[in-house]
1. Residues to consider are 23, 30, 54; find the one that is touching a Ser or Thr at 6+ places or on another chain (Cβ under 8 Å), surrounded by 12 or more Cβ atoms within 10 Å (Cβ to Cβ) and hydrophobic (A, V, I, L, M, F, W, C).
2. Name every residue in the range 44-56 that is outside any helix (DSSP H, G or I), modelled with pLDDT under 95 and either within 11 Å of the ligand (Cβ to nearest atom) or not acidic (Asp, Glu) (or both), in order of residue number.
3. For the range 1-43, which residues satisfy the criterion of being under 11 Å from the mean Cα position of the chain (by Cα) and either of a type in the set (A, V, I, L, M) or within 12 Å of the ligand (Cβ to nearest atom) (or both)?
4. Mind checking which pairs have a first residue in the range 12-23 that is within 18 Å of residue 41 (Cβ to Cβ) and without any contact (Cβ under 8 Å) to a residue 60 or more places away in the chain and a second that is aliphatic (A, V, I, L, M) and part of a loop (DSSP other than H, G, I, E, B), Cβ under 6 Å, 6 or more apart or different chains?
Amino acid sequence: MSTDEPSVPIVCDECETETRVPLDDLADALDKHNAQKHDGDAVAEVDPAIKDRLADLVAEDLGLFDEEATEEP
Ligand SMILES: [Zn+2]
């Protein structure tokens, strides 16, 4: 079992399901579910509670906050 791979919960209001998928498969899993179950509508999405954290992590990863601090008049 690999426990070091981060998994992300996907929730779907219409299907009332929650599925955990590896971060690498996230986009694919979302596309697939929405394409197969909802004619391509973006119904299923990342758990909103996680989405915020995910955005923070990605932003930190890109160093966006560091860039802002370097700008001087
Ligand atoms: Zn669904």
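The values are calculated or read from the model by the stated rules, or taken from the named source; none is laboratory data. Here the structure is a predicted model, which means the values were calculated and not measured. For neighbour counting, all protein chains shown are included, and Cβ atoms are generated from backbone atoms with ideal geometry for every residue, glycine included.
1. Numbers: 30 fails: touching a Ser or Thr at 6+ places or on another chain (Cβ under 8 Å); 54 fails: touching a Ser or Thr at 6+ places or on another chain (Cβ under 8 Å).
After ruling out the rest, the residue left standing is 23.
2. If we filter the range 44-56 for residues that are outside any helix (DSSP H, G or I), which is where we start, we get 44-47.
Next, from what is left, pick out any that are modelled with pLDDT under 95: 45-47.
Those that are outside any helix (DSSP H, G or I), modelled with pLDDT under 95 and either within 11 Å of the ligand (Cβ to nearest atom) or not acidic (Asp, Glu) (or both): 45, 46.
3. Of everything in the range 1-43, those that are under 11 Å from the mean Cα position of the chain (by Cα) and either of a type in the set (A, V, I, L, M) or within 12 Å of the ligand (Cβ to nearest atom) (or both) turn out to be 8, 10, 11, 21, 23, 26, 27, 29, 30.
4. Pairs that qualify, where the first residue is within 18 Å of residue 41 (Cβ to Cβ) and without any contact (Cβ under 8 Å) to a residue 60 or more places away in the chain and the partner is aliphatic (A, V, I, L, M) and part of a loop (DSSP other than H, G, I, E, B), are 12/43; 12/44; 14/43.
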